[in-house]
Amino acid sequence: MTRMTDESRGSEFPTASRAVSWACTLAVLCFASTPVRTQVWNRDTVYAQRVAELQRAIAARPTDPNPLLDLGAFYLKPLARRTVEAADGKVRPVDVPLRNEIIPEGIKDTIAASWVFRGDTSAAWPYLAKAIQMDPRNVRAARELAMYYRMPGDFDRMKPYMEAALRANPLDLDMCRLHLDHRTLLAKTGKDLAFDVRQPKVRYEDRGNTRYRIVVEPSAADLAKAAQYERDTVGVRREAVAPLQKLAAVLSADPTRPSTPAKQATWRLATAIYFEWTGELEKAAGTAAAGLREDPTCLDCLDYVIDIVRGTRTVASHAQYKAILDR
């Protein structure tokens, strides 16, 4: 895949030099992590209250798939609105995660939204399954099922739901991230296959009292197959990032983006994910932090910064950002 330079990105992504300068905003945002006041607020209580409320909605509308999806989606991504200090230290209405424990080790190499590793799949499944049975063409059901199947890493089952959701809404950043994860895994598989086919094959034969080690070099057909795997891998990697590039291009061209904090933050986050995908973690962290500065209520930006800082083992910065999430 041809790597994008600052010039080739054009108006889709901000320049790499600006992304580096945005890294300084990490320190500013971390400074804002000290709470101004302490409030008594029990996440478990709020979680139980919200579940009961959504279950009552299901009982009141038994033939409507939307209440089922509301509860299934809540189990996958449990949020509650709370007026609390945002990332900049100012009190604002913020969607607060009700399940915000530190996510497990071993997933930092994925691009998928951190949310998909923190929901309750066993609780969500009955509601999502019933909703898609009631309305097989329901786009929202497809989206939530894509998130559901991503949680255990079931990419094969995730794929059709993710693609249906992306066709319906190409600007869904979560689905762009799942697409990037899926295609990146396919590309890695192709690369591994090419490597394996090129390796000599070793076998052993016993002839009389002697054991022989026989090495069989790859044939011309094997080498051709390996070359085809590599060509396919290039195409898959190009395809992997295409939805993310499309989203960034649309937001970049949107005249309302600079004056709309939510759009600006989404654009920054999409750019940060691209930088992470190319291995530029410092730029990724700085760009996501810029989005959080521009929209201090952007929970996805905050969640992303926490995840990427955790992945780079910057323990002190991780603790400071995690303190913001724990408010």
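Values in this text are rule-based calculations from the coordinates and carry no lab data. Values in this document were obtained by computation on a predicted structure and should not be read as measured data. With ideal geometry, Cβ positions are generated from the backbone for all residues, glycine too; neighbour counts draw on all protein chains shown.
Counting other Cβ atoms within 10 Å as a rough exposure proxy, the listed residues Y304, Y229, Y75 run Y229, Y75, Y304 from fewest neighbours to most. The distance linking region 130-155 with region 273-310 is 27 Å (Cα centroid to Cα centroid, whole angstrom). FRET efficiency for the pair V215 and L185, taken as 1/(1 + (r/R0)^6) with r the Cβ-Cβ distance and R0 = 22 Å, rounds to 0.10.
Separation of the alpha carbons by more than 25 angstrom is noted, of K130/K263; K130/K246; K263/K283, for K130/K263; K130/K246. Each peptide in 181-191, 217-227, 265-275 was scored by the mean count of other Cβ atoms within 10 Å over its residues; highest first, the order is 265-275, 181-191, 217-227. Rounded to the nearest 0.05, what FRET efficiency do L223 and A168 give with R0 = 56 Å and r taken as the Cβ-Cβ distance? Could you check? The value I calculate is 0.85.
Would you work out the charge dipole size for region 132-189 about its Cα centre, treating the Cβ of every Lys and Arg as +1 and the Cβ of every Asp and Glu as -1, and quote it to the nearest 20 debye?
Details: 10 positive and 8 negative charges, 24 e Å.
About 120 debye.
In straight-distance terms, cross-link reach from K191 covers every one of the aspartates and glutamates whose alpha-carbon lies under 15 Å from its own, apart from those fewer than eight places away in the same chain; here that gives D222, E230, D232. Residues whose amide H falls under 5 Å from that of A80, counting only those 5 or more places apart or on a different chain, are V96, L98, with hydrogens built in the peptide plane.
Compare the peptides 119-129, 81-91, 200-210 by average per-residue count of other Cβ atoms within 10 angstrom and give them in order, highest first. Could you put the intermediate results ahead of the total?
On the way: 119-129: 17.6, 81-91: 16.1, 200-210: 7.9.
Descending mean neighbour count gives 119-129, 81-91, 200-210.
Sequence-ordered 3J(HN,Hα) estimates for region 229-236 from the Karplus curve with 6.51, -1.76 and 1.60 and θ = phi - 60° stand at 4, 5, 5, 4, 4, 4, x, 5 Hz, glycine and proline given as x. For region 130-271, the Kirkwood radius over C-alpha pairs fed into Stokes-Einstein at 25 °C and 0.890 mPa s yields D = 133 µm² per second.
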